[in-house]
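Here's the structure, in structure tokens; my notes come after.
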Amino acid sequence: MNPYASSVVISSLALGTILTLSSSHWILAWIGLEINTLAIIPMMTKTPHPRAIEAATKYFLTQAAASALILFSSTINAYALGEWAINTSIHPVSATLLSIAIAMKLGVAPFHFWLPEVLQGSSLQTGLILSTWQKLAPMALLLQLSQSVNLNLLLSLGLLSTMIGGWGGINQTQIRKVLAFSSVAHLGWMVAVLKISPQLTLLNFSIYILMTSTLFLTFMSLDTKNMYELSTSWSKTPTLAAFSMLSLLSLSGLPPLTGFMPKWLIAQEMIKQNMTTFALVILLSTLLSLFFYLRLTYSMSLTLAPNLTFSPTTWFNLPTNLLATPMVLSLLLLPITPTIMAIV
């Protein structure tokens, strides 16, 4: 992409997100979301491939529908209560419609159907932005709505997301689709605990972004897009493959890695709220996700390619050196959980 075009696209992405994060008015928040949507489309279509064009079209239509629903529901709220401010009381009908619209933007089940297809049609770099940066603005709005939305709706969306995210990823061989279903499952945990403890949703979201960014950067460094290519990574970069295996296990939520922290805290909070059965079901649904993470782990580190490559190791190259900090954070934050909870 032309450097001038790239700078315009990246600055528009930043502007859209910052505008939504800093706005207290629904119209301004809506404008920020629209700038975000329009800024990412040139990045998706920079390689003129039919799959990329299809992904961009699906993304645009879904996001446009969600934005229209946000505008409609905020107008209903202004008509009913005379308020455009985000942080004031919201009419119950508007709150339900707004939470559904934001769930569409994030890719929460059952509004997730666009996410795997869009990620599969995009490059790893664009997929990284879609999975992390593009979720900041909708999540900020959802956090501000946390006390107005219906608890039963959030619990239903959360449980459905964890189950569909786990079930959908089981049969996938494409890494980007696996990460898309992983995103759906993690969003389910965030949505389920949103009304009970917004701080835990924010913590889970931060850790999800950290771990997902680490894995996307790893796959970009290894230049792998499916499980077959992943099986050659051990012979090329054994150190990076070993750390990537641990990052995948962290994303699955296994102790004693970082990914276990949010699941443990959320389950603990739900049990405190006398929601033991719900906590048990959502924890059992995580086993579905664990299966495809273990599949990726098996392909990456326990399978050797038939022909070993004798190329020099690439662990010491600059791009992989940049991975060191996020990789360590993705693995070793569990012991400092009390400190993190004190800050949050």
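The values are calculated or read from the model by the stated rules, or taken from the named source; none is laboratory data. Note that the structure is predicted; figures quoted are calculated from it, not measured. Heads up, the Cβs are rebuilt from the backbone with ideal geometry, glycines too, and the neighbour counts pull from every protein chain shown. Just the protein is used for accessible areas: all its heavy atoms, side chains included, with ligands, DNA and RNA removed. Shrake-Rupley method; radii C 1.70, N 1.55, O 1.52, S 1.80 Å.
Remarks
- Filter result (touching a residue at least 40 places away in the same chain (Cβ under 8 Å) and more than 18 Å from L143 (Cβ to Cβ)) within region 4-48: L13, I27, I40, P42, M43, M44, K46, T47
- Consider region 197-224 and keep the residues that are open to solvent by 40 Å² or more (accessible area, probe 1.4 Å) and not hydroxyl-bearing (S, T, Y). The one that is farthest from N150 (Cα to Cα) is D223.
- Looking only at region 69-91, and only at residues there that are open to solvent by 60 Å² or more (accessible area, probe 1.4 Å) and of a type in the set (A, V, I, L, M, F, W, C), the one that is farthest from the chain's Cα centre (by Cα): L81
- Checking each residue in region 270-294 for being surrounded by fewer than 19 Cβ atoms within 10 Å (Cβ to Cβ) and under 30 Å from F243 (Cβ atoms) picks out L283, L284, L287, L290, F291, L294.
- Among the residues of region 139-173, the ones that are closer than 23 Å to Y59 by Cβ, open to solvent by 10 Å² or more (accessible area, probe 1.4 Å), polar (S, T, N, Q) and assigned to a helix (DSSP H, G or I) come to 0 in all.
- Condition check for M227: assigned by the TED database to the domain that holds M261, open to solvent by less than 30 Å² (accessible area, probe 1.4 Å) and modelled with pLDDT of 95 or more: no
- Listed by position, the helices (runs of 4 or more DSSP H) enclosed by region 187-239 that each have at least 1 residues that are among the hydrophobic types (A, V, I, L, M, F, W, C), under 19 Å from I175 (Cα atoms) and under 18 Å from the mean Cα position of the chain (by Cα) are 198-222.
- Residue in region 296-304 that is in a helix (DSSP H, G or I), free of Cβ contacts under 8 Å to residues at least 24 places away in the same chain and not polar (S, T, N, Q) present: yes
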